[in-house]
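Quick notes on the structure that follows.
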Amino acid sequence: MDLFKPMDLQKNAVNATDIESTEKVKCLIIGSGPAGYTAAIYASRANLNPVLYTGMEMGGQLTTTTEVENYPGYPDGITGPQMMEDFKKQAERFGTDIRFGIATSVDFSGKTHKVTFDDNKLIEADAVIIATGATAKYLGLESETKYAGMGVSACATCDGYFYRGKDVAVVGGGDTAAEEATYLAGLCRKVYLIVRRDTLRASKIMQEKVIKTKNIEILWEHQTVALFGEKGVEGATLIKKKGTSDEQIVKIKIDGFFLAIGHTPNSMVFKQFIETDQVGYIKTIPGTSKTNVKGVFAAGDVQDPYYRQAVTAAGSGCMAAIDVERYLSEL
């Protein structure tokens, strides 16, 4: 899900006549996932009086997750939406001003950083923390939405534990798909790796791991067209390409369906000023949350192409708030 409105960089400036109000703040946080809320907790406790804009989906990707069992402090597990509500309450407890709004344009060209929300509210901030997250790529099937949280997942590390001893499928042919399939193979009875082509795009070493893992079956030249089941995912319908015009319908029984076709960082609105990698992940100075623009920091999945976990996002949110506190104290 896209939390922040992408836009043409040539249109990344809102006409001054459209602005209905302007406000000056010390610390502006954009995003309401684990990174954003954690940054808000730390910034509030440091008396930075942060203002946090949630984006379109309060709580980010975790709001689409049912059970979360790998976050420290919840020994009995907790649902993703409830955990994000707990984060929100804790941030509010210390005084964070939480507002609903979508970042539609930015101007990081001066010492004071300007961010426009919903095309009409201008916030001028001494420091900005970007915690807009990333959006998992899906196939676009209607059944993906139907079974969201009921067998469909975009994170094997997050949800694989729920499928111990069961049969699952992973879609994708790159390193992420190979890593997820290998990880799930250590938990599940059988893992189908659904690959659209007749080759894997993954690195050679990852290909070898997949091929050598006995309970991984690669379904070459297969595409998923639907998922089925009564109360959750019970199987998938695939099309196998046999020739230039010859196709075959294949059905597999599975309990879990994992997407591993990549993520899109929600960074588009910042790209005119903030340096990103080729995919769009914001680049930060190693060991910090600092971007290429002084006073602008990034935390969570928008700058993390590797781990993408709630706990690592929260940790980077803490780093960003501490970096902001030090930055402001030096002004």
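The values are calculated or read from the model by the stated rules, or taken from the named source; none is laboratory data. These numbers were taken from a predicted model, which means no experiment stands behind them. Positions of Cβ are generated from backbone atoms using ideal geometry, with glycine treated the same way; all protein chains shown enter the neighbour counts.
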| buried (at least 23 other Cβ atoms within 10 Å of the Cβ), of a type in the set (Phe, Trp, Tyr), not assigned by TED's automatic domain parsing to the domain that holds Arg197 and not in a helix (DSSP H, G or I) - does that describe any residue in the range 293-316? | yes
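Matching residues to (1) touching a strand residue (DSSP E or B) at 6+ places or on another chain (Cβ under 7 Å); (2) modelled with pLDDT under 95:
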| residue | (1), (2) |
| --- | --- |
| Arg164 | no, no |
| Thr176 | no, yes |
| Val233 | yes, no |
| Thr237 | yes, no |
| request: Collect the residues in the range 31-72 that are under 14 Å from the mean Cα position of the chain (by Cα), closer than 21 Å to Phe297 by Cα and among the hydrophobic types (A, V, I, L, M, F, W, C), keeping them in residue-number order. | output: Ala35, Met56, Met58
| note | Per the filter on the range 56-77, residues at pLDDT 90 or above and buried (at least 19 other Cβ atoms within 10 Å of the Cβ) are none
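Residues checked against (1) among the aromatic types (Phe, Trp, Tyr); (2) assigned to a loop (DSSP other than H, G, I, E, B):
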residue	(1), (2)
Met206	no, no
Gln223	no, no
Lys251	no, no
Phe257	yes, no
Thr264	no, no
Val279	no, yes
| note | Filtering the range 1-43 down to residues that are small (Gly, Ala, Ser) and either surrounded by fewer than 14 Cβ atoms within 10 Å (Cβ to Cβ) or at pLDDT below 90 (or both) yields Ala13, Ala16, Ser21
| field | Val279 being under 19 Å from the mean Cα position of the chain (by Cα), in the same structural domain as Thr38 (by TED's automatic domain parsing), free of Cβ contacts under 8 Å to residues at least 60 places away in the same chain and surrounded by 12 or more Cβ atoms within 10 Å (Cβ to Cβ) | value | yes
| query | Does the range 216-235 contain at least one residue that is of a type in the set (Lys, Arg) and surrounded by 15 or more Cβ atoms within 10 Å (Cβ to Cβ)? | reply | no
| Criterion violated by Ile252 - all others in (1) farther than 27 Å from Leu48 by Cα; (2) surrounded by 23 or more Cβ atoms within 10 Å (Cβ to Cβ) satisfied | (2)
| field | Residue check, Thr224 at pLDDT 95 or above, within 26 Å of the chain's Cα centre (by Cα) and not assigned by TED's automatic domain parsing to the domain that holds Asn70 | value | yes
| said: crowded, with 20+ Cβ neighbours inside 10 Å and within 22 Å of Asp255 (Cβ to Cβ): which single residue out of Gly149, Gly165, Gly133, Gly160 fits that description? | reply: Gly160
| Taking the range 22-49, which residues are touching a residue at least 12 places away in the same chain (Cβ under 8 Å) and assigned to a loop (DSSP other than H, G, I, E, B)? | Gly31, Ser32, Gly33, Ala46, Leu48, Asn49
| message | Cβ-Cβ under 9 Å, sequence separation 6+ or interchain: first residue in the range 78-90 and of a type in the set (Val, Ile, Thr), partner part of a strand (DSSP E or B). Which pairs? | response | Ile78/Glu67; Ile78/Val68; Thr79/Glu67; Thr79/Val68
| note | Checked against (1) crowded, with 22+ Cβ neighbours inside 10 Å; (2) at pLDDT 95 or above, Ala260 satisfies every condition except (2)
| request: Can you confirm whether the range 202-214 contains a residue that is surrounded by fewer than 16 Cβ atoms within 10 Å (Cβ to Cβ) and among the β-branched types (Val, Ile, Thr)? | output: yes
